[in-house]
Amino acid sequence: MPDPNIHLWHVELAKDADADRYLPLLDDTELAHAHTLSHPLIRQRYLAVRGNLRLLLADYLQQAPAAIGIARTETGKPYLPAHPQTVFNISHTARHLIVAIAGHCQLGVDIELPSPRPNLAALVKKCFADEEAAYWHGLPPTRQTLEFYRFWTKKEAFVKATGRGIALGLKHCVINPEQPETFLRLPDGYGEATTWRIIDLTATEQLEGHGLCGAVVVDSLAQVSWERLVKD
């Protein structure tokens with residue numbers, strides 16, 4: 001993948017799509033998992049997410065969707081063993097899927113649909129560092145929900161980029177409240193905070209119109225390039 005940019009694809013997943021049309025695109029592992037899903041909506045979303053991911057990857061790799069080998073690291077991060085120069089990450093919430101595809105780098109993406117929750121303060125105590133928590137508690141109540149999700153998606157995108165997931169400890173992935181596109185501190189073993197970039201997607205036209213929060217975290221100087229909207 002010679003293009004140095006991070007390509008972001010936004011897929012709007014249909015409510016009543018014929019998800020079974022994606023079955024021929026999936027590999028045996030995905031098909032086996034799909035057969036274990038008894039809830040119709042969960043099964044439909046799973047097939048649509050995996051099918052759209054494979055369709056997009058097929059275009060980049062010039063392979064049939066079902067022939068693309070997708071493996072997972074010991075900690076569960078998906079990768080392309082036959083195409084190590086191409087990396088990808090996905091996130092989905094409600095009816096929205098984001099697929100991020102880039103050249104060789106460590107890449108994570110996360111999107112969330114902000115919604116008021118009675119336990120936000122408890123989550124802040126558990127997952128935010130002291131600097132982040134002080135900033136959040138100092139916000140007007142009308143801003144706290146949105147700002148919580150803006151911090152959360154950045155932390156999630158980082159732990160997804162590392163491949164460790166939330167087991168890495170969200171509290172140790174510390175965002176600078178004064179410069180929220182940068183980290184203050186990171187867990188040991190993941191380099192200097194300045195080697196990682198946060199790209200906030202929340203205010204972009206592609207997400208803001210749907211009320212979504214989102215972020216990309218990457219360990220390179222790559223820029224984000226939004227590709228066309230895909231309708232499921």
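Observations on the structure shown:
- Any strands (runs of 3 or more DSSP E) falling wholly within segment 175-232 and containing at least 2 residues that are over 22 Å from residue 49 (Cα atoms): 183-185, 197-200
- The residues in segment 104-118 that are charged (D, E, K, R) and either in contact (Cβ under 8 Å) with a residue 40 or more places away in the chain or crowded, with 20+ Cβ neighbours inside 10 Å (or both) can be counted, and the count is 2.
- Qualifying residue in segment 144-161 (condition: over 21 Å from residue 93 (Cβ atoms) and surrounded by fewer than 16 Cβ atoms within 10 Å (Cβ to Cβ)): no
- Look at (1) within 20 Å of the chain's Cα centre (by Cα); (2) surrounded by fewer than 15 Cβ atoms within 10 Å (Cβ to Cβ) and you find that residue 92 fails only one, number (2).
- Hits in segment 205-232 (condition: among the aliphatic types (A, V, I, L, M) and either surrounded by 14 or more Cβ atoms within 10 Å (Cβ to Cβ) or more than 21 Å from residue 3 (Cα to Cα) (or both)): 207, 212, 215, 216, 217, 218, 222, 224, 230
- Flag for residue 158 being more than 16 Å from the chain's Cα centre (by Cα), aromatic (Phe, Trp, Tyr) and part of a helix (DSSP H, G or I): no
- Of residues in segment 162-204 being surrounded by fewer than 18 Cβ atoms within 10 Å (Cβ to Cβ) and β-branched (Val, Ile, Thr), the one modelled with the lowest pLDDT: 166
- Residue 133 vs. criteria in a helix (DSSP H, G or I), of a type in the set (A, V, I, L, M) and in contact (Cβ under 8 Å) with a residue 12 or more places away in the chain: no
- Look at (1) of a type in the set (Lys, Arg); (2) touching a Leu at 6+ places or on another chain (Cβ under 6 Å); (3) part of a loop (DSSP other than H, G, I, E, B) and you find that residue 117 fails only one, number (2).
Every residue, every condition in (1) within 16 Å of residue 215 (Cα to Cα); (2) in contact (Cβ under 8 Å) with a residue 24 or more places away in the chain; (3) touching a strand residue (DSSP E or B) at 6+ places or on another chain (Cβ under 7 Å), yes or no:
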position: 120; (1), (2), (3): no, yes, no
position: 126; (1), (2), (3): no, yes, no
position: 144; (1), (2), (3): no, yes, no
position: 153; (1), (2), (3): yes, yes, yes
position: 165; (1), (2), (3): yes, yes, no
position: 184; (1), (2), (3): no, yes, yes
position: 190; (1), (2), (3): no, yes, no
position: 196; (1), (2), (3): yes, yes, yes
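The values are calculated or read from the model by the stated rules, or taken from the named source; none is laboratory data. Here the structure is a predicted model, which means the values were calculated and not measured. Note that we place each Cβ from the backbone using ideal geometry, even for glycine, and neighbour counts take in every protein chain shown.
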